[in-house]
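Inspection log for the structure reproduced underneath, given as structure tokens.
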Amino acid sequence: MMDAVGYIALLLNLYSMSVKGERRLRTISLVANLIYIGYGILLRATPIIVGCTVAVLLHLYRLFTMKNSIYDDNTIG
């Protein structure tokens, strides 16, 4: 069961790299990282929890700044 959680996160993360648009990529990657955090908790793997928590915060920050600016889904950077 624990492996299934890890594989779901992995598949979502890989899928996020194939989508067009920064907003969509970050949203899917955000969800993948949240699942990875759950996986890290199940494994009691602090490095996974810490790393993915940082990634979640970075994705949230960038999504927030994109929402409050003139960026659209085709903007890179």
Please work out which one of (1) open to solvent by 60 Å² or more (accessible area, probe 1.4 Å); (2) out of contact with any helix residue (DSSP H, G or I) (no Cβ under 7 Å at 6 or more places or on another chain); (3) in a helix (DSSP H, G or I); (4) at pLDDT below 95 is the condition Ile70 fails and give its number.
(3)
Going through region 41-54 one residue at a time, which ones are open to solvent by less than 80 Å² (accessible area, probe 1.4 Å), in a helix (DSSP H, G or I) and either polar (S, T, N, Q) or more than 27 Å from Met66 (Cβ to Cβ) (or both)?
Leu43, Thr53
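Among the residues that make up region 7-23, is at least one of them in a helix (DSSP H, G or I), among the hydrophobic types (A, V, I, L, M, F, W, C) and closer than 17 Å to Thr53 by Cβ?
Restricting attention to region 7-23, the residues satisfying the condition of being in a helix (DSSP H, G or I) are 7-16, 22-23.
Narrowing further to those that are among the hydrophobic types (A, V, I, L, M, F, W, C): 8-12, 14.
Subsequent filtering for residues that are closer than 17 Å to Thr53 by Cβ retains 9, 12.
Taking every residue of region 7-23 in turn, at least one turns out to be in a helix (DSSP H, G or I), among the hydrophobic types (A, V, I, L, M, F, W, C) and closer than 17 Å to Thr53 by Cβ.
Considering only region 3-25, how many residues are buried (at least 17 other Cβ atoms within 10 Å of the Cβ) and either over 24 Å from Lys67 (Cα atoms) or not small (Gly, Ala, Ser) (or both)? Working first, answer last.
Of region 3-25, the ones buried (at least 17 other Cβ atoms within 10 Å of the Cβ) are 5-6, 9, 12-13, 16, 22-23, 25.
The next check asks that each one be either over 24 Å from Lys67 (Cα atoms) or not small (Gly, Ala, Ser) (or both); those that pass are 5-6, 9, 12-13, 22-23, 25.
Total meeting the criteria: 8.
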Considering only region 12-40, state which residues are among the charged types (D, E, K, R) and either over 12 Å from Leu63 (Cβ atoms) or in contact with a strand residue (DSSP E or B) (Cβ under 8 Å, 6 or more places away or on another chain) (or both).
Lys20
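The values are calculated or read from the model by the stated rules, or taken from the named source; none is laboratory data. Nothing here was measured: the structure is a model prediction, and the numbers come from that model. In this analysis, Cβ positions are derived from the backbone assuming ideal geometry, glycine residues included, and neighbour counts consider all displayed protein chains. With ligands, DNA and RNA removed, areas are computed over all heavy atoms of the protein, side chains included. Shrake-Rupley method; radii C 1.70, N 1.55, O 1.52, S 1.80 Å.
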